[in-house]
Each structure stands twice: as structure tokens, then as C-alpha cells.
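Step one of this worksheet: look at the structure below.
The values are calculated or read from the model by the stated rules, or taken from the named source; none is laboratory data. Quantities reported herein were computed from a predicted structural model and do not represent experimental measurements. Heads up, the Cβs are rebuilt from the backbone with ideal geometry, glycines too, and the neighbour counts pull from every protein chain shown. Protein only, heavy atoms only, side chains kept; ligands, DNA and RNA dropped before computing areas. Shrake-Rupley method; radii C 1.70, N 1.55, O 1.52, S 1.80 Å.
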Amino acid sequence: MTPTTPDGRSLRWEKHREQRRKELVDATMRAIRSHGATVGMDEIAVEAATSKTVFYRHFTDRAGLYAAVADRVDRTIMRDVTSATEDGGSAGSPAGGRAVIAAAIDAYLRLVENEPEIYRFIMAAPILERSSGDPSGPVTRHIAEQISALLDTG
């Protein structure tokens, strides 16, 4: 069996889809900032100058869009943690471990202070169907895992 070479058109479309998803997440975050954490899909679509159908094509459902926004917030917090700890010594040392934890707390609190509606959106997940469980659980769990990995690398 010989491995197949990806079709150039397929690769271009994949890159286009990734870029479009990024643009739609950007628009969602702008809509959250403008309309608040309880923003609806109609307001998000208007902000993106597209239809809800386009969102569903790229994210399958509202949970997919929520997950993409949560991932963006997660990456922002971890970027801030990583940059704050790069000069803080070894993460495995007591001083370095404290620096990682302090940077994580600072990054989290900075998000709450600078982006209160984004924070509320992540914590309350208003676009999701109400079900049991904490919608922000995967976000906080993932951040905790990444911080733990930073501490383990020392």
C-alpha cells in the first residue's frame, strides 16, 4: 500500500477553513464584548456579517462555537502564563513553581478584569443547552493540566 499525497486543493481548503474559523471566533468575541455574555447567535452572526448557517457549517453546533471561544481564552491565558514564567527560573524549583502559579493567577485575574463579558460567557455558557455539569469545567481542567505540565518540566 503506498501512502497518498494530499491534494493541493484539499490543503488550500483546509487552510481556508482554519482561517475562516479564526475569523468567526474573532467576530464572536467582538459580539460578546458588544452585547454582553448573554449574546445570542443572531447577534453573533450579524457581527460576523454572515448567517448562522455559516457558523454551524464551521462549528457543527453552538457547543462547537463555545469550545472554540473557550480554546481561544485558554490559549490566551497560557500564553500569558508562559511569557510571565520564561524569566522566572525553573518551574520545578520552589521559586519557579511559585512563579508559574502566580503567573496563572495573574493571567486569570487579568482576563476577569479586562474581559469581564468574555469571562462571564465562558463561565455561564449561555449559548449552550442547559444540561448537568459545569460548562467551564473542561476549560479550567485544561488550564490546570497545562500548569501542572509546566511545573513538571522543571
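What are the pairs with Cβ atoms under 7 angstrom where one residue, in segment 53-66, is within 12 Å of Leu24 (Cα to Cα) and open to solvent by less than 30 Å² (accessible area, probe 1.4 Å) and the other, located anywhere, is assigned to a loop (DSSP other than H, G, I, E, B) and of a type outside the set (Gly, Ala, Ser)? Sequence gap at least six, or different chains.
From residues that are within 12 Å of Leu24 (Cα to Cα) and open to solvent by less than 30 Å² (accessible area, probe 1.4 Å), the pairs are Leu65/Ile127; Tyr66/Ile127; Tyr66/Leu128.
Scan (1) part of a helix (DSSP H, G or I); (2) at pLDDT below 85 for the single condition Gly92 breaks and write down its number.
(1)
Mind checking which residues of segment 30-40 are part of a helix (DSSP H, G or I) and open to solvent by 20 Å² or more (accessible area, probe 1.4 Å)? If you could, list the steps in order and put the result at the bottom.
Residues of segment 30-40 that are part of a helix (DSSP H, G or I), as a first pass: 30-35.
Arg30, Arg33, Ser34, His35 - these are the residues of segment 30-40 that are part of a helix (DSSP H, G or I) and open to solvent by 20 Å² or more (accessible area, probe 1.4 Å).
Go through segment 41-59 and give me each residue that's assigned to a helix (DSSP H, G or I) and hydrophobic (A, V, I, L, M, F, W, C).
Taking segment 41-59 first, the residues assigned to a helix (DSSP H, G or I) are 41-48, 52-59.
The answer is Met41, Ile44, Ala45, Val46, Ala48, Val54, Phe55, Phe59.
Residue check: is Arg130 at pLDDT 80 or above and among the charged types (D, E, K, R)?
Numbers: at pLDDT 80 or above: no; among the charged types (D, E, K, R): yes.
Spelling it out, it is not the case that Arg130 is at pLDDT 80 or above and among the charged types (D, E, K, R).
Is it true that Ser34 is closer than 17 Å to Glu113 by Cα and more than 13 Å from the chain's Cα centre (by Cα)? Please lay out each step first, then the result.
On the way: closer than 17 Å to Glu113 by Cα: yes; more than 13 Å from the chain's Cα centre (by Cα): yes.
Yes.
With respect to Ile77, is the statement that it is part of a helix (DSSP H, G or I) and either modelled with pLDDT of 95 or more or open to solvent by 80 Å² or more (accessible area, probe 1.4 Å) (or both) true?
Here the answer is no, as Ile77 does not meet what is asked.
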